[in-house]
Each structure stands twice: as structure tokens, then as C-alpha cells.
Amino acid sequence: MNKYILMIALLTLQLSYSQNQEPQATEQNIENTQTKTLASFIVFSITDQSNAEEYLKFKEKYNVDIKFESCAVDLSLFGRAKKSNKELADVLTEQYGKVWMDELPCSLVGVSMEQ
């Protein structure tokens, strides 16, 4: 009987010790493990060209993704795309001036590309 009590005590001690060895979650650890989503322009196209070299260069330089949607557009998505694209374009213009527009590899709904 004493052997069983000793074995149970040792197992309990082992389990409680191993639980204390797990890394503690902190705000910094959580921030480092969360994937950061990039702001995205919405583009309507028949083909998804997001892996094309020119799009990848733009994404890397300006930290802005280009999300391709189907060319079959409904009005609510079109309205959201116009508003979102305009807001993101305003932010880029504030940060970089109009230079980013020359490097954008496509036209955008809701954004006047005139300089």
C-alpha cells in the first residue's frame, strides 16, 4: 500500500513540475505570434495576379496587399471596395505623396489616379 501512495505522490509531483515549465503567455509573446494582416486594396479581376512580381514588389515596399475579387461584382461589395480603396489611398498619399500611384500595377475602384 505504501508503494502505491509513493508512486501516486511521485507522479503528481512530476505532473505539477512539468506544468510549471511551460512558457508563460505575455502580451509581448502574443503580439509576436499573431500574424499581422496587411491593409488591402480590393481589385476586381478575372484572374488573381497577387503572386506576380510587380504586385509583390508593391506589397513589400508599401506594406499594402492587393486582394483580388471576382469580376462578377455585387453592389454592396463594390461600395465597400470604393470606400476601402479610397481610405487606404488617402493614407498612402499622406505618407508617400502621389509617388505610390506610379508603382501601383493596376487601377483601383474609388481612387482617382490623376496626379
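Each reported figure results from applying straightforward, stated rules to the coordinates on display, with no laboratory input. Because the structure is a prediction, the values reported are computed rather than measured.
Under 8 Å for C-alpha pairs, at least 6 residues apart: give me the relative contact order for segment 66-115, rounded to a whole percent. Numbers along the way, then the final one.
Details: 20 pairs, mean separation 21.2, N = 50.
Relative contact order for segment 66-115 comes out at 42 percent.
Using modelled backbone amide H atoms (1.01 Å from N, in-plane), which distant-in-sequence or interchain residues come within less than 5 Å of D65's amide H?
Those lying under 5 Å, H to H, from D65 are A39, S40, F41.
Relative contact order (percent) for segment 39-94, with alpha-carbon contacts under 8 angstrom and 6 or more residues of separation?
Once divided by the residue count of segment 39-94, the mean separation gives 47 percent.
Among all the lysines, which ones have a C-alpha under 22 Å from K67's C-alpha, if same-chain residues fewer than 8 places away are not counted?
K36, K57, K59, K82, K83, K86, K98
³J(HN,Hα) across segment 83-90 via Karplus (A = 6.51, B = -1.76, C = 1.60, θ = phi - 60°), whole Hz, x for Gly/Pro?
Per residue, the Karplus-derived 3J(HN,Hα) values read 5, 5, 4, 5, 5, 5, 5, 4 Hz.
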